[in-house]
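In what follows, a single structure is set out as structure tokens and then discussed.
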Amino acid sequence: MITLCHVDDIEEGTSKGFEVAGKFLFAVKKDGDMFLYYNYCPHLGTPLEWLDDQFLDSDGALIQCSTHGALFLIDSGKCILGPCKGKSLKAIPFILGNGFMMVEEQQVSSLGRI
């Protein structure tokens with residue numbers, strides 16, 4: 001298991017990026033729940049963030065791709081607007097233990113490339 005962060009390291013309504021085994025992931029905290037996705041737009045395969053840890057739109061309501069502005073639901077990763085509408089971000093399974101967000105290295109290692 002690889003520890004990404006403590007859940008308190010991500011403020012409510014914000015996001016944080018991580019590099020694990022050469023792959024890039026990001027987590028979002030929304031309504032007290034945590035979500036973890038592969039940092040890979042299903043349209044062009046580009047990273048999503050505008051700046052470090054900036055994966056959300058200006059309202060913090062949706063995940064937004066910096067390349068073409070595609071918008072994704074935080075809770076499911078489904079694209080609701082943009083060139084990849086109907087496709088989804090790849091959710092990464094994680095475990096919360098003692099307040100820490102952890103992933104299994106082999107699940108991350110098996111992801112495609114950006």
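None of the figures in this text is laboratory data; all of them are computed from the coordinates on show. None of these values were measured; they are calculated from a predicted model. Neighbour counts are summed over all protein chains in view; Cβ atoms, including those assigned to glycine, are modelled from backbone coordinates with ideal geometry.
Placing unit charges on each Cβ (+1 for Lys and Arg, -1 for Asp and Glu) gives the chain a dipole about its Cα centre, and among 68, 13, 1 the Cα reaching farthest toward its positive end belongs to 68. In this structure, the amide hydrogen of residue 70, modeled 1.01 Å from its nitrogen in the peptide plane, lies closer than 5 angstrom to those of 65, counting only residues at least 5 positions away or on a different chain.
Over all pairs of different C-alpha atoms, the chain has a mean inverse distance whose reciprocal, the Kirkwood radius, equals 14.0 Å. A simple charge model with +1 on the Cβ of Lys and Arg, -1 on the Cβ of Asp and Glu and nothing else charged puts the dipole of segment 2-109 at about 580 debye relative to its Cα centre. Report the relative contact order of the chain, percent, no decimals, based on alpha-carbon pairs under 8 angstrom and at least 6 residues apart. Computed value for the chain: 28 percent relative contact order.
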